[in-house]
Structures are given as structure tokens and as C-alpha cells.
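The values are calculated or read from the model by the stated rules, or taken from the named source; none is laboratory data. All figures in this text were calculated on a predicted structure; none of them were measured in a lab. Please note: Cβ atoms are built from the backbone with ideal geometry, for glycine as well, and neighbour counts cover all protein chains shown.
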Amino acid sequence: MIGIICAMQIEADGILALCENKQTNEKYGMTYTRGTLGSKDVVVVVCGEGKVNAALCAATLINDYQPDLVLNSGVAGALSPVVTIGDLVVGSKAVEHDMNMTPLGYQQGEVCVPGGKMLYFDCDEAASRLLEQICKDIDDTTTVRGIIASGDIFVSDRAQRMRLNDRFGALACEMEGAAIGHVCYRCGVPFAILRAISDDLNENKGMDFMKFCALASEKTVHAVKAFIEKY
């Protein structure tokens with residue numbers, strides 16, 4: 001079984017539309033939809049924006065459904081000129097960029113885990129490589145595999161984006177992926193992250209963010225469907 005977590009309903013609707021034999025269960029204000037996509041069992045859930053929402057959602061998904069893989073799919077902002085609106089970023093690893101215990105000798109982004117500290121949470125290698133391969137077959141789309149930075153901040157300022165890129169080497173920023181990765185690491189469950197770029201270094205070039213979310217989500221739905229069929 002594959003668990004699919006999206007932050008916003010607009011990111012999940014296309015995936016839910018493809019599912020059959022759907023059954024829903026609501027827990028902690030989140031609706032978990034279990035069904036089949038092709039021949040595979042899936043659970044799709046919208047967690048809401050932010051790291052706490054994402055962590056609660058991931059922990060509940062793992063405890064209640066025991067997925068073989070958790071896939072976080074949605075949109076993100078660009079942190080590098082390498083990607084622009086409509087391009088795809090497949091996570092290689094994720095970092096909580098707003099975690100800051102530097103006065104205690106930590107690096108910014110490092111979190112406490114059993115046995116020490118951790119800066120990056122590694123995405124599952126096989127899953128991320130397959131996602132990358134699938135996404136590179138999508139027409140008129142640049143696909144890059146790299147680091148995803150997550151934090152409880154909607155990053156829109158160009159200078160702040162560039163600082164995150166410089167500090168963590170991240171290509172995209174959002175508000176959920178690293179929290180999901182953190183939970184999956186602690187629970188021993190593989191995870192993957194797929195993000196379509198909905199806003200770039202030029203702050204959308206004056207265009208509407210939600211419009212780009214809808215366009216970007218179409219690409220992630222296509223990629224998720226193909227991934228589930230092949231995984």
C-alpha cells in the first residue's frame with residue numbers, strides 16, 4: 001500500500017478522481033480515503049498546510065494503514081533559477097529549514113533524533129529514482145532531483161529564497177515534506193517527495209498563485225499515477 005499526503009485539496013483532487021473502490025475515514029479532522037489506483041492499494045489524505053499538520057497526518061497514516069511507502073505530493077516554491085513554474089522537483093532528501101537550536105551548538109536545520117542530531121532526512125532511493133525517471137518523460141517540463149526545504153513560513157521574498165538555497169543547497173521550499181520525512185524516519189517507513197513549482201524566484205511574475213497551483217497539480221497527478229502503476 002502507498003500512502004499519499006497532500007497539503008491542499010487542490011493537490012489531492014486529481015488523485016482522488018482516479019481512485020476506485022473508495023472508502024473514507026475521518027480522524028483528527030482529516031479524511032483518509034482508501035481505494036485502488038490501477039491494481040494498487042492507496043490511501044490519500046489532505047493534511048493541511050504546515051509541519052505539525054503534516055506530522056500528525058503522517059503518524060496517523062502509518063499507525064492506521066501501515067503503508068509500504070509514504071509519498072508527499074504537491075506544489076512548492078523555487079529556491080534556484082534551475083527550476084521555474086511548472087517544473088518538477090523530486091526530493092533526494094528534506095530539511096526543516098526553520099529549526100534553529102544554534103545557541104546550543106546545532107547547525108540550523110538540525111533536529112534531535114534518538115542517538116544524536118540529524119540535518120537531512122533521506123528520501124527512499126528507489127522510489128525517488130523511479131519518480132525522476134517518470135517525470136523526465138513529461139513533455140515541456142524540467143525535472144530535477146534534489147533537496148527540499150520545509151518550514152512553517154510561506155517564503156515569497158527572493159532574497160530569503162536565495163539564502164535557503166545557499167545554506168541548504170535546496171531547490172524548492174514548502175511547508176510539509178521534511179516533517180513527513182521526520183516522522184517516516186522515526187517510524188522506519190520509506191518516503192518520497194514530489195513537488196511541482198508553482199512560484200518562482202520572480203514571485204510569480206505578478207500572476208496568481210492559486211492559478212499556478214492548479215496548473216502545477218495537473219503534472220503531479222500525472223506523475224503520481226504513473227509512479228503507482230510502476231512501483
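Residue 138 meets the conditions (1) surrounded by fewer than 20 Cβ atoms within 10 Å (Cβ to Cβ); (2) more than 25 Å from residue 224 (Cα to Cα) in every case but one. The failed one is (2).
Of the set (1) in contact with a Cys (Cβ under 7 Å, 6 or more places away or on another chain); (2) among the aliphatic types (A, V, I, L, M); (3) over 26 Å from residue 95 (Cα atoms), all apply to residue 62 but (3). Of the numbered criteria (1) closer than 26 Å to residue 231 by Cα; (2) in contact with a His (Cβ under 6 Å, 6 or more places away or on another chain), the one residue 109 fails is (1). Filtering the stretch 94-119 down to residues that are assigned to a strand (DSSP E or B) and touching a residue at least 60 places away in the same chain (Cβ under 8 Å), which residue is nearest to residue 190 (Cα to Cα)? Restricting to residues being assigned to a strand (DSSP E or B) and touching a residue at least 60 places away in the same chain (Cβ under 8 Å), the top hit is 94. Scanning the stretch 134-166 for residues that are of a type in the set (Lys, Arg) and touching a Gly at 6+ places or on another chain (Cβ under 8 Å), which turns out modelled with the lowest pLDDT? Filtering the stretch 134-166 for residues that are of a type in the set (Lys, Arg) and touching a Gly at 6+ places or on another chain (Cβ under 8 Å), the one modelled with the lowest pLDDT comes out as 161. Taken over the stretch 47-78, the residue count meeting the criterion of being among the hydrophobic types (A, V, I, L, M, F, W, C) and modelled with pLDDT under 95 is 3. Scan the stretch 1-17 for residues that are closer than 21 Å to residue 191 by Cβ and in contact with a helix residue (DSSP H, G or I) (Cβ under 8 Å, 6 or more places away or on another chain) and the total you get is 11. The one condition from (1) touching a helix residue (DSSP H, G or I) at 6+ places or on another chain (Cβ under 8 Å); (2) free of Cβ contacts under 8 Å to residues at least 60 places away in the same chain that residue 31 does not meet is (1). As a summary of the residue check, residue 113 satisfies the conditions (1) under 22 Å from residue 62 (Cα atoms); (2) of a type in the set (A, V, I, L, M); (3) surrounded by 15 or more Cβ atoms within 10 Å (Cβ to Cβ) except for the one numbered (3).
Among the residues examined, residue 171 qualifies as surrounded by 20 or more Cβ atoms within 10 Å (Cβ to Cβ) and in contact with a helix residue (DSSP H, G or I) (Cβ under 8 Å, 6 or more places away or on another chain). Residue 210: modelled with pLDDT of 95 or more and within 16 Å of residue 11 (Cα to Cα), yes or no? It is false that residue 210 is modelled with pLDDT of 95 or more and within 16 Å of residue 11 (Cα to Cα).
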